[in-house]
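Down below is the structure, laid out as structure tokens.
The values are calculated or read from the model by the stated rules, or taken from the named source; none is laboratory data. No experiment lies behind these values; they were computed from the predicted model shown. Methodologically, a virtual Cβ is constructed for each residue, glycine included, from the backbone with ideal geometry; neighbour enumeration extends over all protein chains shown. We work out accessible area using only protein heavy atoms, side chains counted, and drop any ligands, DNA or RNA first. Shrake-Rupley method; radii C 1.70, N 1.55, O 1.52, S 1.80 Å.
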Amino acid sequence: MNLFEHVKHLHDCELYNDLKHLASIAMSLCDNNPDSEVMNLSQKYQCTVFYGNALYHLQEYHKAEDIYKKALHLRKAINKEKVKDKPSSSFELTDEVEVKYKIYECLMATKQCREAMVMLQGISSKQRTPKINLALAKLYIRVGMDRSAITSYKEVLRECPLALEAMTGLMSLGVKGPDVAALVMNGAPNTSDWLSLWIKGQAQLSQRDYMSSIATLSSLDNQSYLRDNTQLLNSLAEAKFCDGQYTQALALFQRIHALDPMQMTNMDLYSYLLAKDRKVKDLLKLSQQLLKITEQSAEPWISLGYYCLATRKVSKTIYFAQKANTLDPYNIEAFLLKGTALLELKKVDDATPHMKEALRLAPHRYEAYTGLIQCYMALYRHREALTWAGKAIKTLGTTARTLTLYASVLAKTPTVIAKAKPYLEKAMKLDPSFLEAVYIMVEILGQEQQYDKGIEILRKQLETHSTCRLHQMLAEFLTQTHEHQEALDQFSIALSLDPSNVRVREGMERVEKQNDMGLESAYDVGVEDMENSEEEEEFEGSDVESAWSDTEFS
């Protein structure tokens, strides 16, 4: 075996560290002895490519990029001289296009996205393979070149009709489901049973028609076409999550994780839901499992960040969120997590741009609107908060969540608090089970001292729901109407649901003290504490009759 064959053998055996050293020596021998027969030009080119491959696998991306570029110069020399000789029948020159793709991978690994795009654009359209077109499509989306992205995705489907990522990519850019199906079905005629439904469900998800998407995707799972398929379940869980069906989404994510503990997709959303439900042990277990799978994805660090947030280790949350953002600069949950942690630390000016960036990347995310509005409310910029709440209604539609979000801003300002009630009434009518609207409405009734009406609403909700907050609010209202014994009963139930709730314990102690002292009048249990905004600002609001007019949210 000559020197080149030894280099090739190390490459074939994937001994990259040995290859790195031997290839370096071989190249030096060639450079310092140009007249010798160490390697011919073709061998030197291929040796350089092998050297670059070794560096890439050893994660020395900058150096690998430089070596690959040297290989391209050698390839040009080969093409110019029209060298046709090959060292052996088993030796084949790596295609120039493949070398350029390797440079793209190095640039992406070092976060040089624009340079990576320029490298791929330098490949002529006829030479672009499906993986090159797919990579270009993703890069075009990052810089807002949607038309070029659509063209690249279509080229992928022309050669690979069942490239699912290209299908979903097209639909996310506004291409209609039937148009995507037309591109696909001719090339994949034997998959129509499940594929047409899958495309339809994904198109509905991309169009933010969540209820229809849930129905379509559920039919695939229920009819056993794709029963227990984690990719399908992930899309279904995402649809439920975006529609605000957090409990159902959490159940689906739990099912996904049980089916495939190695699954990484959407585990950041799963972590958010676990943190929201204060399932700290499950969250810790999940984050540890994800970290064992890989430390090079954003999801494990986001999961760990939510665990720290749930356990009040907020400074660590910021560190883990930043780690996730470094690994994936376009991860929505990383921005939301860091923004939330900064809000917890009262660093509102720092939190605001993170919420804005999350909203820019994902204008369909309700949580991004909520976070940004919380920032403006903390800065007493209520007018901007109201504007963004209006934008949420225009973008996400008139739903119980968006109407409640709008009402929550109005409810924070005493001069316009009455205008919040029609929005809440509309929200409660659209979704009687959406408790946030109930909480805010009851808080307003408490400020207006309409305790009987508040008690009526709370009793009705407790027929179908039992939460600590509902029982606590009912107990506080019953205290105001001098029904101390039932108030104590409600406080007891609330405490059994959340034994660590300090406010419930304090409320119970106040009522017990009143009973012991034989007081006839109810002690103020702090209904006013439900609303702690002292800002008085006049809005250019609208009358109740025009509460849902188009101009309201412009």
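Observations on the structure shown:
- Cα gyration tensor category, rounded, prolate or oblate, for segment 147-250 with a/c compared to 1.5: oblate
- Between segment 225-298 and segment 21-71, the alpha-carbon center distance in angstrom: 45
- Per-residue Karplus couplings for segment 376-392, computed as 6.51 cos²θ - 1.76 cosθ + 1.60 with θ equal to phi - 60°, are listed in order as 5, 5, 5, 8, 6, 9, 5, 5, 5, 4, 5, 4, 5, 5, x, 5, 4 Hz, Gly and Pro entered as x.
- Descending semi-axes in whole angstrom, ellipsoid equivalent of segment 374-458, from the Cα gyration tensor: 21, 16, 9
- Among the listed pairs K111/K131; K279/K347; K102/K176; K412/K460; K279/K323, those beyond 29 Å (Cα-Cα): K102/K176
- Treating r as the C-beta distance of D31 and R505 and R0 as 56 Å, the FRET efficiency rounds to 0.10.
- About the centre of its Cα atoms, the chain shows a dipole size close to 2360 debye [charges on the beta carbon of Lys, Arg (+1) and Asp, Glu (-1) only; nearest 20 debye].
- In segment 240-384, the portion of solvent-accessible area held by carbon and sulfur atoms comes to 51 percent [1.4 Å probe, whole percent, DNA, RNA and ligands not counted].
- Computed packing ranks the peptides 276-283, 391-398, 194-201, 332-339 as 332-339, 194-201, 391-398, 276-283, most packed first, by mean other Cβ atoms within 10 Å.
- Here the alpha carbons of segment 104-151 define both size measures, Rg and Dmax, at 10.0, 28 Å.
- Using the alpha carbons alone, the radius of gyration of segment 224-375 stands to its Kirkwood radius in an Rg to Rh ratio of 0.96.
- Its residue count N fixes a reference of 2.2 N^0.38 Å for segment 1-147, and the Cα radius of gyration divided by that reference is 1.11.
- Per-residue ellipticity at 222 nm, computed for the chain from helices alone with -39500 (n - 2.57) per DSSP H run of at least four residues, works out to -22000 deg cm²/dmol.
- Cβ-Cβ FRET estimate between T481 and T247, R0 fixed at 35 Å, reported to 0.05: 0.60
- Cα-based equivalent ellipsoid of segment 191-268: semi-axis lengths in Å, sorted from largest, via gyration tensor: 19, 16, 10
- Acute angle (nearest 10 degrees) that the helix 314-327 long axis makes with the longest principal axis of the chain, alpha-carbon atoms: 30
- Residue-by-residue Karplus 3J(HN,Hα) for segment 487-503, coefficients 6.51, -1.76, 1.60, Hz, glycine and proline x: 4, 4, 4, 5, 4, 5, 5, 4, 5, 5, 7, 9, x, 8, 6, 5, 5
- For the chain, diffusion coefficient by Stokes-Einstein and Kirkwood Rh (Cα), 10 °C, 1.306 mPa s, µm²/s: 57
- Trypsin sites (Lys or Arg not before Pro) restricted to segment 201-243 and DSSP loop, no more than 11 other C-beta within 10 Å: R227
- Note on segment 398-510: percent of Cα-Cα distances in each 5 Å bin, starting at 0 and stopping at the bin with the largest distance, equals 2, 13, 22, 21, 20, 13, 8, 1, 0.
- Relative contact order, whole percent, for segment 200-352 stands at 13, derived from Cα pairs under 8 Å and 6 or more residues apart.
- Per-residue HN-Hα couplings for segment 170-181 [Karplus 6.51, -1.76, 1.60; θ = phi - 60°; Hz; x = Gly/Pro]: 4, 5, 5, 8, x, 6, 6, x, x, 5, 5, 4
- Residue-normalised accessible area of the chain, expressed per residue, 1.4 Å probe, Å²: 50
- Segment 53-167 - percent of accessible surface contributed by carbon and sulfur, probe 1.4 Å: 48
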